[in-house]
Each structure stands twice: as C-alpha cells, then as structure tokens.
Amino acid sequence: METKNDSLSAQQSLDVITSMIRQAQGNVSRSSFYFLLWGWVIAICNLGMYFMYKLHFYPRYAPYIWLLVLPTYLAMFIYGRKQEKDRIVKTHLDQISKWLWISMAITIAPAWLFGDKLNWMINAVIMMPIGAATFVSGIIIRFKPLLYGGILFWVAGITCYFLPPIDQILAGGIAVVLGYLIPGYMLRNQREKDA
Amino acid sequence: MLKELDPLLHSQLRLGVMSLLMSAESAEFVYLKEKTNSTAGNLSVQLDKLSEAGYITIEKSFNGKKPLTTCKVTKKGIKAFEEYVNTLRDYIKK
C-alpha cells in the first residue's frame, strides 16, 4: 500500500475502507479449546455422577465429582491469559464473546451453589442460559453447529422440568456431548482445514 | 460546496490503518503491516502521523523478550473517520 494521496479518488477511498473492513471481519477468535475443555469436564461430571448413583458406586461421594470444575477454571484462566498475550488483534466481538461466557457463568452460579432451594432441579435452570450463550457464540463466529447446539440445550433444559433430578443429570450429560463437544470438535477440524 | 476531505485520512495507507482499527479493539503493528501489505518503515511513519494528530494511540510493551507495538483508535480518530466517510458520501452523491 502506498501513501500517495493526490491520486486517491472517492471511489478508491471507499474501496480501501471496504477491503480493510472485510479483512478485519474474519478476525473473531474461533478457538475450540474452551468448548472442548468445558465439554469434557461437564460431560464427565454429569455422566460420572449419574453412573455412580445408578451403579451404586460410592453414591454418597458422587456430587464431589463436580470439584473437577475448580481446576478447570484455573486451566481456563491460564490459557486465556496466554492467548490474550499472543493475540495480535483484539476485536469488539472477541470482547463480547468473552463477557457473554463470564455473564453466563455468573448467571448459573447461584443455581449450583443453592441447588437445595431448587430441589436439585439444577440442570433445568442452568441449561437455558448455557443454550443462549452457545447459540449467540454460533452467531458471533458464524458457525452453524453451535446454533444447533444452543437449540439442543434449550430443548434439553425444557425436558429437564419434567424429569426427576437424577435423570436431569443424564440429560445434561447427553446435551453437553451433543451440543458442546461435537460442535467443539467440528470447530477444531475446520480450523485445522483452514490452517 | 463540498467539504474538503481530511488530508490526514486521504492517503491509502493511513486510511487502510484507520479502517482496520475502526473494526478492532486494538491491533499489533505486525497485524497492520500484514493486512495493509506495507513496509515496516512506511507504516511506522504513517502511524506516527496518525498518533501526532491524536487519531490513534501507540503503546509499546514487551511479550517476554519480543517488543510489541499496540495501536488503538481514539474518540477523536473515530469522529474524524466518520466525518471523512460522510464527506466521501457527499462526493459520491454529487
């Protein structure tokens, strides 16, 4: 690109602006890391707890499987810090995406902490905001499997209102595998193809 | 009578940089260089001009041992860019 300014017509100026904006459009981070990390952890927690209850394998300790969430937060924080440092461009959509998931985590935290007040109907409550965040992420990065993932979470969330708590855990596990892990792997495969 | 186009923005490289920064929260020097397909020397001069006019801020830092130059558009820069586009629209309408 040169710096001559006398030869720049109005049309050329417009062409520069549109071509640069088009260049910048593809810059939303399409990281599959978070979907795979959380997908695996939440799937293990839900399905692990379900099978511990069903197979009478130390059922008293089954809820403690959720402690896995704590090191996951730490891993996410460390990875996020590193990624922010290495990123050469930060877009508004990256910021929106980040805060969307932080807001979602804040929204669902009370249901996890005070599950007894909800008669342990936790998954019914938390799957709706997870569905919203997944769906909006699909819109932001223009990735259809995440849109379907979001819809699936909504369907699973509504279904959970009609299920006993233990079956809600199974529904949560299935929803995470289908609505989160599978789109996460599809996103990773697409990234590898594009690279 | 048509308004004059802002001479600071009416240059291919500076306009390109401003258009990129309008779409981003912040961008590194290497990113701008790659997207505008310019040389480091030329880009550096043009960034300084935009910074002196208060259209962008340039922050120098380090990522480990690697030096980083991060650019951000300012409120003044956003206003100037919007005015430039509006004037451009008048030119095209004419």
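What follows draws every value from the coordinates through simple rules; no lab data is involved. If you're wondering where the values come from, they're calculated on a predicted model, not measured in any experiment. Methodologically, a virtual Cβ is constructed for each residue, glycine included, from the backbone with ideal geometry; neighbour enumeration extends over all protein chains shown.
Results, tabulated for the structure shown:
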item: Region A:1-123 - percent relative contact order, Cα under 8 Å, separation 6 or more; result: 21
item: Principal axes of chain B: Cα extent on each, largest first, Å; result: 53, 25, 21
item: Region A:126-142 - phi-based ³J(HN,Hα) in whole Hz, Karplus 6.51/-1.76/1.60, Gly and Pro as x; result: 7, 6, 5, x, 5, x, 4, 5, 5, 4, 5, 4, x, 5, 4, 9, 6
item: With Cα atoms, 0 to 90° folded angle of helix A:182-194 axis to chain A main axis; result: 30
item: 0 to 90° range, to nearest 10: angle between helix B:40-52 axis and chain B longest Cα axis; result: 60
item: Built amide H within the under 5 Å cut-off of B:Ile56, gap 5+; result: B:Ser51, B:Thr74
item: Cα centroid separation - region B:42-94 against region A:15-66, whole Å; result: 37
item: Within the protein assembly as shown: Cβ-based charge dipole about Cα centre, in debye rounded to nearest 20 (Lys, Arg +1; Asp, Glu -1); result: 260
item: Folded to 0 to 90 degrees: helix A:10-25 orientation relative to chain A principal axis, Cα; result: 20
item: Furthest towards positive pole of dipole, A:Ile140, A:Ile151, A:Ile169, structure part region A:77-176, Cβ charges; result: A:Ile140
item: Theoretical ellipticity at 222 nm over chain B - DSSP helices of four or more residues, -39500 (n - 2.57) apiece, nearest 500; result: -17000 deg cm²/dmol
item: Under 5 Å, built H, 5+ apart or other chain: amide partners of B:Glu25; result: A:Lys90, A:Thr91, A:His92
item: Computed P(r) (all Cα pairs; chain A; 10 Å bins; percent); result: 8, 30, 30, 16, 8, 4, 3, 1, 0
item: Rel. contact order, % - alpha carbon contacts under 8 angstrom, at least six apart, chain B; result: 34
item: Cβ neighbours within 10 Å from other chains - mean over A:9-15; result: 5
item: Cross-link partners of B:Lys72 among lysines (Cα-Cα below 23 Å; sequence separation of 8 or more within a chain); result: A:Lys82, A:Lys85, A:Lys90, A:Lys98, B:Lys33, B:Lys35, B:Lys49, B:Lys60
